[in-house]
1. If N is the number of residues in the stretch 1-124, what value comes out of its Cα radius of gyration divided by 2.2 N^0.38 Å?
2. Could you sort 74-87, 6-19 so that the peptide with the highest average Cβ count within 10 Å comes first and the rest follow in order?
3. Of all the accessible heavy-atom surface of the stretch 52-92, with the other protein chains kept in place and a 1.4 Å probe, what percent is carbon and sulfur?
4. For the stretch 1-73 and the stretch 83-159, what is the centre-to-centre distance using only Cα atoms, to the nearest Å?
5. Report D for the stretch 78-159 in µm² per second (integer): Stokes-Einstein, Kirkwood Rh on Cα pairs, 25 °C, 0.890 mPa s.
6. How high is the relative contact order of the stretch 74-121, given as a whole-number percent (alpha carbon pairs under 8 Å, six or more residues apart)?
7. Across the chain, how many lysine pairs separated by 8 or more positions, or lying on different chains, have Cα atoms within less than 26 Å?
8. Give the accessible surface of the chain per residue, rounded to a whole number of Å², with probe radius 1.4 Å and ligands, DNA and RNA excluded.
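The values are calculated or read from the model by the stated rules, or taken from the named source; none is laboratory data. Bear in mind the structure is a predicted one, so any value in this text is a computation, not a measurement. Backbone-built Cβ (ideal geometry, glycine too); neighbour counts: all protein chains shown. For accessibility, only protein heavy atoms count, side chains too; no ligands or nucleic acids. Shrake-Rupley method; radii C 1.70, N 1.55, O 1.52, S 1.80 Å.
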Amino acid sequence: MKITDNSVVSIHYKLSNDAGTILDQSTENNPLIYLHGKGNIVTGLEKALTGKAIGDTLDVTVTPDEGYGNREDYMIETVNRSMFEGLDEISIGKQFHAEGNTGPVVVTVTKMEDDDITIDGNHPLAGENLNFAIEVVAIRDATEDELEHGHIHGPDCQH
Ligand code: ZN
């Protein structure tokens, strides 16, 4: 069985940046399970996995274009502290959900100067090459429910 659109795929992965720092990885008994072909993982990785089989291992470098995008200055803005009224304490590194031009985005507080709060709506990994080491551990066909919902159903998902 090979990975095609609508396969449910389990992978072990290790993600590092160009400096070799590990940013994220699956743990031994918890592979990442996702529905292939629906944009549930970054485009570049999805492309590289198409046609792969159980047991295949691959190293993939995903550029920002097919990863989390390039770092865009327009997504960084400085707002007044009063915008955060009613929210929990603000500190650098804190993330908030906000309404962006194209839908909800997560913004990160990157700078605080008196009442000026700088927030950055870029993905934390925008502008970075993503270096994945992948092992394909399982592949199955998606169920009709899963295809309708665009995501997999497992023990944790009851909808
Ligand atoms: Zn569902």
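1. That ratio works out to 1.34.
2. Ranking the peptides 74-87, 6-19 by packing returns 6-19, 74-87.
3. With neighbouring chains kept in place, the figure for the stretch 52-92 is 44 percent.
4. Measuring centre to centre over Cα atoms gives 16 Å.
5. Rounded, D is 148 µm²/s.
6. 43
7. 11
8. On a per-residue basis, 62 Å².
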